[in-house]
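Worksheet: one structure, shown below.
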Amino acid sequence: MLKVALIGYGYWGPNVAKQLYKNKNYIFDIICDLKENRLEKAKELYANSLKYTTNYLSVIKDPEIDLIALAVETRNHYKLAKEALLAGKNIYVEKPFTDDVKQAEELKKIALEKGLYIHVDHIMVYHPAIKKIKEIMSSGDLGDVLYFSCYRQNLGNVKNDVNAMWDLSVHDLSIIDYLTDGENVKYVKAVGEKAYSTKESITFLSVQYETFIANMTANWISPIKERKIIIAGTRKMLVYDDVDVINKLIIYDKGFDKMPIKDMEYDEFVVKSRIGDAVIPKLEQEDALYNSLDHIRKCIEEKRESQTNADAAIRVIRILELANQDIGEGGMKFQLRN
Ligand SMILES: NC(=O)c1ccc[n+]([C@@H]2O[C@H](COP(=O)([O-])OP(=O)(O)OC[C@H]3O[C@@H](n4cnc5c(N)ncnc54)[C@H](O)[C@@H]3O)[C@@H](O)[C@H]2O)c1
């Protein structure tokens, strides 16, 4: 059985620990955090069933550990992931993989050379609603995708090591990447505003993919909580609302039909709107984080790549890196007429 250690027990680490503890196909061995007070919190829950340390190097160098799960701040991902890989460990890294594409590529190269596995927790890829949407899209039910419109906003969790887009839109980018089998990107545009942080707390990111467009709002300064994705296809449309506890996913038989105009000499048509049924598909009661952690366990045991390996993660952070540049450069100057 795989032996796993968790490094980072801040805000998100406890969730990772909970799912690791629940998974009886892992030997969950040790929790590490630099802060003693965080370890005290962990001990209240897991007492003597786990080991605890503030020394991450002792964890990385422990010959018995097969997999290191990293739930440290994004700015520390690269350093710890590199040390773990060089010590011969498979790694599970929280999203976003790193804050720099070159560093991510270096980690991928080390893993390849050493025959190790990298799994990035693009958690939504392992969510039952997203798995259902993948099924629906693969069946052709939506038709050709026209656009994705994504909203992630709430009041809080303002970060200083990454901006809102790297923190939140990373979920939407990973969802789109998964649902469209890594569709190519043509253009990236973004604007952002800094408030209450040295990084942008509000970002609007637009991506022109090869065959559709996507727009993503990421906002830490919103009066309401929103986690919503609208996907419009040429046949049907759907709304995935993660905040709605009852109707999380609704598929609408709505759209436009092209009707040929009778007795016209040329191939002319009118566009007529179509409003049919709305369907609420049944979703599996699964925990996405549990699934994500279990996925990398199976991948290591069966010696196969994770669905969200370094390649998938690099495709996502490449878009974020380009978007950061666009925010920095400020886009096209708007000329006021005199
Ligand atoms: N998958 C998700 O939905 C999701 C949600 C929230 C956060 N995250 C990700 O989880 C990661 C952690 O975010 P957070 O909000 O929990 O951060 P946080 O700052 O609350 O916690 C990070 C913890 O890591 C510890 N740490 C840092 N360096 C360490 C080291 N060398 N050795 C031991 N401990 C160390 C810190 O002491 C701290 O307790 C981020 O990458 C974030 O993007 C993912």
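The residue that is nearest to residue 226 (Cα to Cα), counting only those in the stretch 93-111 that are within 16 Å of the ligand (Cβ to nearest atom) and open to solvent by 20 Å² or more (accessible area, probe 1.4 Å), is 95. Of all the listed residues (305, 226), the sole one being among the acidic types (Asp, Glu) and not assigned by TED's automatic domain parsing to the domain that holds residue 141 is 305. Pairing each residue of the stretch 37-66 that is open to solvent by 60 Å² or more (accessible area, probe 1.4 Å) with any residue that is not in a loop (DSSP other than H, G, I, E, B), provided the two are 6+ apart or on different chains, yields C-beta distances under 6 Å for 51/30; 64/3. On inspection, residue 176 fails the criterion of being more than 16 Å from the ligand (Cβ to nearest atom), within 27 Å of residue 19 (Cβ to Cβ) and surrounded by fewer than 22 Cβ atoms within 10 Å (Cβ to Cβ).
Residues checked against (1) away from the ligand (no atom under 14 Å from the Cβ); (2) touching an Asp or Glu at 6+ places or on another chain (Cβ under 7 Å):
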position: 5; (1), (2): no, yes
position: 19; (1), (2): no, yes
position: 32; (1), (2): no, no
position: 35; (1), (2): no, no
position: 39; (1), (2): no, yes
position: 59; (1), (2): no, no
position: 66; (1), (2): yes, no
position: 73; (1), (2): no, yes
position: 79; (1), (2): no, no
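Taken residue by residue, the stretch 67-74 has at least one member that is in a helix (DSSP H, G or I), touching a residue at least 24 places away in the same chain (Cβ under 8 Å) and closer than 26 Å to residue 113 by Cβ. Among the residues of the stretch 112-127, those that are buried (at least 18 other Cβ atoms within 10 Å of the Cβ) and either within 22 Å of residue 177 (Cα to Cα) or of a type outside the set (A, V, I, L, M) (or both) comprise 117, 118, 119, 120, 121, 122, 123, 124, 125, 126, 127. Within the stretch 274-287, residues that are farther than 18 Å from residue 253 by Cβ have Cβ atoms under 8 Å from residues that are of a type outside the set (Val, Ile, Thr) and exposed (fewer than 11 other Cβ atoms within 10 Å of the Cβ) in no pair, counting only partners at least 6 apart in sequence or on another chain. Residues in the stretch 141-163 that are open to solvent by 30 Å² or more (accessible area, probe 1.4 Å), in a loop (DSSP other than H, G, I, E, B) and either acidic (Asp, Glu) or over 30 Å from residue 80 (Cβ atoms) (or both): 141, 144.
In the stretch 7-17, of all residues being near the ligand (Cβ under 6 Å from one of its atoms) and in contact with a strand residue (DSSP E or B) (Cβ under 8 Å, 6 or more places away or on another chain), the one that is nearest to residue 68 (Cα to Cα) corresponds to 7.
Taking each residue of the stretch 239-260 that is over 25 Å from residue 286 (Cβ atoms) and in the same structural domain as residue 172 (by TED's automatic domain parsing) and looking for partners that are modelled with pLDDT of 95 or more and in a loop (DSSP other than H, G, I, E, B) with beta-carbon atoms closer than 9 Å, six or more apart or interchain, yields 253/235; 253/236; 254/236; 255/143; 255/234; 255/235; 255/236; 256/234.
Residues that are assigned by TED's automatic domain parsing to the domain that holds residue 178 and of a type in the set (Val, Ile, Thr) were ranked within the stretch 261-296; the one that is most open to solvent (accessible area, probe 1.4 Å) is 275.
The values are calculated or read from the model by the stated rules, or taken from the named source; none is laboratory data. Computed from a predicted model, the values in this text were never measured in an experiment. Cβ atoms come from the backbone with ideal geometry, glycine included; neighbour counts cover every protein chain shown. To get the accessible areas, we keep the full protein, side chains included, count just its heavy atoms, and leave off ligands, DNA and RNA. Shrake-Rupley method; radii C 1.70, N 1.55, O 1.52, S 1.80 Å.
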